[in-house]
Each structure stands twice: as C-alpha cells, then as structure tokens.
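Asker: Dropping the structure in here first, questions after.
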Amino acid sequence: MQAIQMRLTFEFVSEQEPQRIFDLVTEALFDMEEASDSLHDAGVSGSLDDCTISLAIVGTGDTLEQASANASSAIRAAIHHSGGATPGWEETVDGARSQAVFSFLEQTSIPA
C-alpha cells in the first residue's frame, strides 16, 4: 500500500457567497473521506476575503500513481460538488506534480 498527501490551493470566482462555496467544498471532501477506504486526513483552509481555498487529502493505493489519482479525484469531485468546473484539470495536476521542489533520494513505505 502506498500513500501520498495532495494539497492544492485555488482561487474561486462565483456569484454565490464565498462562505457557501467554502462550506460546500469542505462538506464534500469530508464526506468522500468518510465513504472511502482510500482517502484519509482531509483538511481545508483558506481565506474568504481573498476567495482562496486549500484542499488537502491523503490518497492510498497499490501504487503511488493510484494513490495520487485517488487524492486528485477526491479534490476535483469536491470542487464539482460546489458547482465549480475544472477545465484543464489533468494538465494542471500533471504540471504541479512535475514542478516539485524536492527530488526523491529515498522512499520509505509506511503502511496505512
């Protein structure tokens, strides 16, 4: 079993109140975590004044790619639940993965 934490920060624009968007996304992410054996440690933070939200979750899977896909899918689904759209999602997430500041020197698996 592999695990990876994904944290993505977004700026959102909506005709709805920022608090409502924040609440919908938060509720959706925590509901998905509760319903899935492959999602853990969801967290949400942000600024209503700046209309930003950071979504974090740990995804698990048989491979790191599967764990990453589980985390990414949960974050994307939470955004969709709030009525948000995610055009270009795959390119954005793939770009974020390839722009990591750190390079792996050693990897240790920690059982989930």
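Asker: Using the Karplus equation 6.51 cos²θ - 1.76 cosθ + 1.60 (θ = phi - 60°), what ³J(HN,Hα) coupling, rounded to whole Hz, does each residue of the range 31-42 give in order, writing x for Gly and Pro?
Answerer: 3J(HN,Hα) across the range 31-42, in whole Hz: 5, 5, 4, 5, 8, 10, 7, 9, 10, 8, 6, 5.
Asker: Sort the following peptides by mean Cβ neighbour count (other Cβ atoms within 10 Å, averaged over residues), highest first: 49-55, 69-75, 83-89, 27-33. Let's see the in-between values first.
Answerer: Numbers: 49-55: 15.6, 69-75: 22.4, 83-89: 11.7, 27-33: 18.4.
Put in order of decreasing packing, that is 69-75, 27-33, 49-55, 83-89.
Asker: In whole Hz, what ³J(HN,Hα) sequence does the range 19-28 give by Karplus (6.51, -1.76, 1.60; θ = phi - 60°), x for Gly and Pro?
Answerer: My calculation for the range 19-28 gives 4, 5, 4, 4, 5, 4, 5, 4, 4, 5 Hz in order.
Asker: Check residue 46: other-chain or 5+ apart residues with amide H under 5 Å from its amide H, H built from backbone geometry?
Answerer: Hits under the 5 Å cutoff: 54.
No value in this document is a laboratory result; all are computed from the given coordinates. Computed from a predicted model, the values in this text were never measured in an experiment. Every residue, glycine as well, gets a Cβ built from its backbone with ideal geometry; the counts of neighbours run over all protein chains shown.
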